[in-house]
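The values are calculated or read from the model by the stated rules, or taken from the named source; none is laboratory data. Just so we're clear, the structure is a prediction, and the values are computed from it rather than from any experiment. Cβ atoms come from the backbone with ideal geometry, glycine included; neighbour counts cover every protein chain shown.
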Amino acid sequence: MIQSGENDGLSIDIRVPSPSGENDRLIEIWVDEKATPSIGFGPDHTHRNPDESGITEVIELLRAILDGRLLIIQYVGGEYAKFGRWLDLREPDALEDELTSECSPGRATLKSWSGEADRVVGLESL
């Protein structure tokens, strides 16, 4: 869905639902009236600089989400089990760092935008 939120058309909001059918995997890309490019995926979002490099960064994040390299991670059990955030698998040690952090119970569910890369991982996966 594409819509403009401003009468003068200076903002845009694009929402891409997940083929999995789960609403918590929605991708949202928007540019506000100040031309700030932003992207959201699942529980998180980020804003970039309103210049060519900022637009490039948003496009790179979108590609990583679509390719299953930027995932949503949720711990299985523990104090933070209900919270999700991004896991960027373009960083070689990202999964190991998450699973061995002091807040981690050592197991997590990974969710991709498409659902095709979904899996449960644990310390034994490293």
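Observations
- Count of segment 85-118 residues which are assigned to a loop (DSSP other than H, G, I, E, B), buried (at least 16 other Cβ atoms within 10 Å of the Cβ) and hydroxyl-bearing (Ser, Thr, Tyr): 2
- Every listed requirement among (1) modelled with pLDDT under 95; (2) in contact with a Lys or Arg (Cβ under 8 Å, 6 or more places away or on another chain) is met by residue 109 save one, (1).
- Some residue of segment 45-61 being in contact with a Gly (Cβ under 7 Å, 6 or more places away or on another chain), outside any strand (DSSP E or B) and surrounded by 13 or more Cβ atoms within 10 Å (Cβ to Cβ): yes
- Residue pairs whose Cβ atoms lie under 8 Å apart, sitting 6 or more positions apart in sequence or on different chains, and linking a residue in segment 13-39 that is outside the structural domain of residue 56 (by TED's automatic domain parsing) and on the phi < 0 side of the Ramachandran plot to a partner that is assigned to a loop (DSSP other than H, G, I, E, B) and surrounded by 13 or more Cβ atoms within 10 Å (Cβ to Cβ), do not occur here.
- Of 33, 79, all but one fail to be farther than 24 Å from residue 99 by Cα and surrounded by fewer than 16 Cβ atoms within 10 Å (Cβ to Cβ); the exception is 33.
- Selection within segment 62-76 - surrounded by 15 or more Cβ atoms within 10 Å (Cβ to Cβ) and free of Cβ contacts under 8 Å to residues at least 24 places away in the same chain: 69
- Every condition in (1) part of a strand (DSSP E or B); (2) out of contact with any Lys or Arg (no Cβ under 8 Å at 6 or more places or on another chain) is met by residue 121 except one, and the failing one is (2).
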